[in-house]
1. At 1.4 Å probe size, with no ligands or nucleic acids counted, give the accessible surface of Phe284 in Å², nearest ten.
2. So what's the projected area for segment 54-141, the Cα convex hull averaged over all directions, in nm²?
3. Express the Stokes-Einstein translational diffusion coefficient of segment 217-370 in µm² s⁻¹, to the nearest whole number, given a Kirkwood radius over alpha-carbon pairs, 20 °C and a viscosity of 1.002 mPa s.
4. Can you send over the solvent-accessible area of Asp200, 1.4 Å probe, protein chains only, in Å² to the nearest 10?
5. Averaged per residue, what accessible area in Å² does segment 217-370 show with a 1.4 Å probe, protein chains only?
6. Rank these residues by their accessible area, most exposed first, probe 1.4 Å: Glu157, Glu222.
7. Quick one, can you get me the convex hull of the C-alpha atoms of segment 299-388 expressed as volume per residue in Å³?
8. Considering the convex hull of the alpha carbon atoms of segment 231-317, report its projected area averaged over all viewing directions, in nm², one decimal.
Amino acid sequence: MKINWNKKYTTIAVYSLIVIFLSISFYLALTKFSKLSELTNAFFAILKPFILGFSLAYLFNFILEFYEKGIIDRYTKDGISLKKKRALSLILTYLTVVVVITLFMMFILPQVANSLARLLTDFPKIMDELYSYSSKTINSLNMSEESKMMFDSKVNELVRKAIEFATNLMPYLANAFLNVVKSVWNTILGLIISIYILADKEGFFAICKKFISAVFPVEVTERILYVTRLSNQIFGRFIAGKILDSTIIAFLTFIILSITDMPYKILLTFIIGVTNVIPFFGPFIGAIPSVMIVLLIDPVKALWLILIIFVIQQLDGNIIGPKILGDSIGISSFWILFSLLIAGKFFGIIGMIIGVPLFAIIYTIIGESVNTKLRKKGLPVSKEAYKK
């Protein structure tokens with residue numbers, strides 16, 4: 001019997017195959033979960049250099065565009081070819097990266113390591129002094145012997161746990177450093193891949209656009225390209241702005257801590273500068289360990305440090321941050337907090353960094369879709385109109 005393979009039967013056959021394939025995949029995922037997990041990990045291990053390469057290329061592209069558009073195009077009277085301009089920009093970009101990494105390895109990293117090592121070395125002595133001070137304080141108070149013994153046991157337990165934490169911290173840091181050393185090869189491959197991507201970024205974009213145009217209808221293609229441009233705009237402004245903002249905050253913090261003769265100023269500056277990249281919670285995440293470190297040495301300076309961090313963050317939140325970031329996020333403080341909590345819960349620190357711009361993209365797309373539907377119904381799109 002001859003079957004008439006018209007559009008209806010073809011559609012049914014395709015959907016049936018998709019359902020069968022998904023069902024088999026789901027069954028295998030349940031019954032062979034450990035094997036599937038191994039295959040997934042192996043697959044991502046192979047892709048890791050490429051993921052790192054694309055990530056580095058995206059970050060370095062900001063430097064590349066600065067040299068191309070901000071320096072070469074501005075100061076060359078006669079226009080040079082794109083090939084020569086790109087080659088020169090690539091050389092300047094990676095020279096800048098090498099210089100920054102070298103300066104970090106020569107000046108900042110050793111100081112941070114020395115401060116941390118000195119803190120861990122002095123930690124038992126600090127705990128002993130803290131224990132002696134607490135014992136004198138307890139003895140000077142009019143307390144019963146039972147209360148003194150209970151308080152003394154609690155202090156002993158706290159000191160013991162603090163010393164255990166400090167003892168286990170060094171092996172943990174050594175293991176983390178070993179993992180970084182092991183990933184050097186992936187980092188080198190990632191850097192090489194990023195060079196190839198930046199050298200012909202227009203070509204990579206053209207290939208992706210060609211593929212999307214071939215697979216999807218025209219309207220869907222335009223929508224995908226629009227979302228891509230929107231994502232690049234929001235992510236680019238946010239990440240570049242946050243890195244610049246955190247760098248300024250780190251320099252400002254170091255200057256103030258040096259003036260006030262704060263202990264472990266390099267370590268404190270590093271903690272505050274790095275955690276400042278995280279929106280909203282960053283200042284608190286950086287302030288807590290910083291204050292605790294200083295509190296163990298000098299409680300008065302710890303109070304001064306709280307005041308310094310508060311003043312710097314007020315300056316950042318009201319002057320430096322708005323000047324650099326502007327309205328790149330476009331969402332209220334409530335949605336920033338919401339996105340941080342959700343993304344941080346599922347993806348940890350990385351989620352807290354990228355969660356805000358990612359939610360801003362979703363928020364913008366949903367907002368535009370809602371406004372389009374409201375316009376079709378002849379209803380106002382202004383939020384003020386719905387407050388009545």
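The values are calculated or read from the model by the stated rules, or taken from the named source; none is laboratory data. Source: prediction; values computed, not measured. For accessibility, only protein heavy atoms count, side chains too; no ligands or nucleic acids. Shrake-Rupley method; radii C 1.70, N 1.55, O 1.52, S 1.80 Å.
1. Result for Phe284: roughly 130 Å² accessible.
2. 10.4
3. 127
4. 80
5. Accessible area per residue: 54 Å².
6. Working: Glu157 70, Glu222 115 Å².
Correct descending sequence by accessible area is Glu222, Glu157.
7. Value for segment 299-388: 159 Å³ per residue.
8. 5.2
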